[in-house]
Amino acid sequence: MSQRTRTKVAAGNWKMNGKVSDLKEVTKIAHAARQRKTVFTLLCLPLTLFGRVGGAGLSVGAQDCHVSASGAHTGEISAEMIADASATHVIVGHSERRTDYLESDCLVQQKAQAVLGAGLTAIICVGENREQYEAGQALAVLQAQIEGSLPEAANSNNVIVAYEPVWAIGTGLLPTNEEIQSVHSEIREMLGRQVVDGEGISILYGGSVKGSNAAEIFSLPDVDGALVGGASLKANDFIPIIEALDAAEA
Ligand code: PEP
């Protein structure tokens, strides 16, 4: 399947950042996103801002969810509640959750299943850490994460995969373009073996994407977009990334 038939996605992850005073950034990003029609732009915001962006006309996602639809889980939010707040996507298995909260592939799979059950799209994150990268274990790690984290009901309409080498997140370090393309192509094959229309799943690269490196990353044939942390917080940083994706050859 060519890149043209896969959705190009620019997804921002604001993590635990953003107050009402930052909504002007959302408004500017939404305005720019409307001009770039080949790109699906999404901001995964803190839940506290969900009810505030209604008029911005931008798709909104959450950064995590609980596996259950409701119940006695103090401090948690369910995929059903996220859907009820008009969000469309949920990130699951981000490396910060896998590392800081010891989330296993099995839990990530259950969360992804909950996301699909609520009618939303799951952005499932995978990626090797530095030791695994240096030991040449990246592909084995990714294979295990993909096998363990994707729910049975996954397909190209309800799942996006984000390849985020943990050592590249927030560090300014990046794999070479050859490494990114090669890993994305391997992930595409893994998805093709595991999911009926797996080769049509959009695969995003994540880890230190900026306006200055976006165009070359998006020129790689198996890169369908980016999951962006730090550079999604400010419109002036995120808009050039959206523009680079819009300009990328399909
Ligand atoms: C992330 O946390 O998913 C991420 C890609 O962060 P950054 O863009 O800041 O490296």
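Here, each number is a calculation from the coordinates, and none is a lab measurement. As the structure is a prediction and not an experimental result, all values here were calculated from the model. When we count neighbours, we look across all protein chains shown, and the Cβ atoms used for this are built from the backbone with ideal geometry, even at glycine.
List of remarks:
- Taken over the range 161-178, the criterion of being of a type outside the set (Phe, Trp, Tyr) and more than 16 Å from Gln143 (Cα to Cα) is satisfied by Ala168, Ile169, Gly170, Thr171, Gly172, Leu173, Leu174, Pro175, Thr176, Asn177, Glu178.
- Residue in the range 192-205 that is within 15 Å of the chain's Cα centre (by Cα), free of Cβ contacts under 8 Å to residues at least 60 places away in the same chain, surrounded by 21 or more Cβ atoms within 10 Å (Cβ to Cβ) and near the ligand (Cβ under 9 Å from one of its atoms) present: yes
- Residue count for the range 91-118 under the criterion of being polar (S, T, N, Q), more than 15 Å from the ligand (Cβ to nearest atom) and surrounded by 21 or more Cβ atoms within 10 Å (Cβ to Cβ): the result is 1.
- The range 143-170: number of residues that are part of a loop (DSSP other than H, G, I, E, B), over 11 Å from Ser95 (Cβ atoms) and among the hydrophobic types (A, V, I, L, M, F, W, C): 3
- Residue pairs whose Cβ atoms lie under 8 Å apart, sitting 6 or more positions apart in sequence or on different chains, and linking a residue in the range 36-64 that is in contact (Cβ under 8 Å) with a residue 24 or more places away in the chain and buried (at least 19 other Cβ atoms within 10 Å of the Cβ) to a partner that is basic (Lys, Arg) and not in a loop (DSSP other than H, G, I, E, B), are Val39/Lys8; Phe40/Lys8; Asp64/Arg97; Asp64/Lys111.
- Qualifying positions in the range 208-250 - closer than 21 Å to Ile91 by Cβ, assigned to a helix (DSSP H, G or I) and within 13 Å of the ligand (Cβ to nearest atom): Ala214, Ile217, Gly230, Ala231, Ser232, Asp237, Phe238, Ile241
- Screening Thr41, Thr48 for residues that are within 18 Å of Ile123 (Cα to Cα), among the hydroxyl-bearing types (Ser, Thr, Tyr) and either in contact with an Asp or Glu (Cβ under 8 Å, 6 or more places away or on another chain) or outside any loop (DSSP other than H, G, I, E, B) (or both) leaves exactly one candidate, Thr41.
- Per the listing Tyr133, Tyr163, the residue uniquely within 21 Å of Trp14 (Cβ to Cβ) and in contact with a Phe, Trp or Tyr (Cβ under 7 Å, 6 or more places away or on another chain) is Tyr163.
- Scanning the range 65-82 for residues that are of a type in the set (A, V, I, L, M) and either buried (at least 20 other Cβ atoms within 10 Å of the Cβ) or assigned to a loop (DSSP other than H, G, I, E, B) (or both) turns up Val67, Ala69, Ala72, Ile77, Ala79, Ile82.
- In the range 10-20, the count of residues that are away from the ligand (no atom under 16 Å from the Cβ) and not in a strand (DSSP E or B) is one or more.
- Every residue from the range 151-183 that is of a type outside the set (Ser, Thr, Tyr), over 22 Å from Ser232 (Cα atoms) and either crowded, with 21+ Cβ neighbours inside 10 Å or out of contact with any Ser or Thr (no Cβ under 6 Å at 6 or more places or on another chain) (or both): Pro151, Glu152, Ala153, Ala154, Asn155, Asn157, Glu178, Glu179, Gln181, Val183
- Those residues of the range 189-207 which are in a loop (DSSP other than H, G, I, E, B) and either small (Gly, Ala, Ser) or within 20 Å of Asp246 (Cβ to Cβ) (or both), in sequence order: Ser202, Gly207
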